[in-house]
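The structure appears right after this line, and notes come after that.
Here, each number is a calculation from the coordinates, and none is a lab measurement. Note that the coordinates shown come from a computational prediction; the quantities given were computed from them, not determined experimentally. Cβ placement follows ideal geometry from the backbone for every residue including glycine, while neighbour counts extend to all protein chains displayed.
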Amino acid sequence: MKTDLVEIFQSIRATMQPYAASGFGVMNHTERLYELWTEKSLETSEGKKAPVFFAAVMIREHTVGFYFMPVHTTEEIAGFFPSDLLALRDEKSFSIQQLDDQLLNQISDVLAAGYRLFKERAWV
């Protein structure tokens, strides 16, 4: 069980990094923040073209925040989340203070499901 925020951040970032080679660009990559966005610019409701946010991990004051856009885009993906992970959800992210292999596997699974959703919508 990891409780050090830097270790938690690094573990989640390592799980996210393969997606940088699968159609997502790394928007920010610092010691405290790692963000993935689509490399495609998609048309918005206002007619503008912009990349779409996919996921991020960030060290905050007392937790690591895992931000995952697909959870906000469709009920289908929201229903995929295991209860352990959903219990960590706050308004815009998942607040993680402890990370074990089971939780990391759940994060890996939802990233894969989100990737499939973005792929189906031709966003990546």
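Tell me, what HN-Hα J-couplings in whole Hz come from the Karplus equation 6.51 cos²θ - 1.76 cosθ + 1.60 at θ = phi - 60° for each residue of region 54-65, using x for Gly and Pro?
Values per residue, Gly and Pro as x: 10, 7, 8, 10, 8, 7, 10, 4, 10, 9, 9, x Hz.
May I ask for the angle, rounded to the nearest 10°, between helix 101-120 and the longest principal axis of the chain, with both axes built from Cα atoms and the value confined to 0 to 90°?
That helix lies at roughly 0 degrees to the long axis.
From the square roots a ≥ b ≥ c of the eigenvalues of the alpha-carbon gyration tensor of region 12-63, which class results: rounded (a/c under 1.5), prolate (a/b over b/c), or oblate?
Because a/c hits 1.5 or more and a/b fails to exceed b/c, region 12-63 counts as oblate.
Output the 0 to 90 degree angle, nearest 10, between the alpha-carbon long axis of helix 5-16 and the longest principal axis computed from the alpha carbons of the chain.
With both axes taken from Cα atoms, the answer is about 40 degrees.
Full-extension gain between residue 121 and residue 33, please, as 0.36 nm times their residue separation minus the C-alpha to C-alpha distance.
My answer for the length gained is 29.0 nm.
In nm, what is the difference between 0.36 nm times the number of residues separating residue 60 and residue 1 and their Cα-Cα distance?
Details: separation 59, 0.36 × 59 = 21.24 nm, distance 1.90 nm.
19.3 nm is the gain from fully extending residue 60 to residue 1.
Just how many pairs of Lys in the chain have C-alpha atoms closer than 22 Å, counting pairs that are eight or more places apart or on different chains?
Lysine pair count for the chain: 5.
What number, in percent, do you get for the relative contact order of the chain if the mean sequence gap of Cα pairs under 8 Å and at least 6 apart is divided by its residue count?
Numbers: 178 pairs, mean separation 32.2, N = 124.
With pairs under 8 Å counted, the relative contact order is 26 percent.
With a 10 Å radius around each residue's Cβ, average the other Cβ atoms per peptide and rank 106-119, 1-14, highest first.
So the order, starting with the most tightly packed, is 106-119, 1-14.
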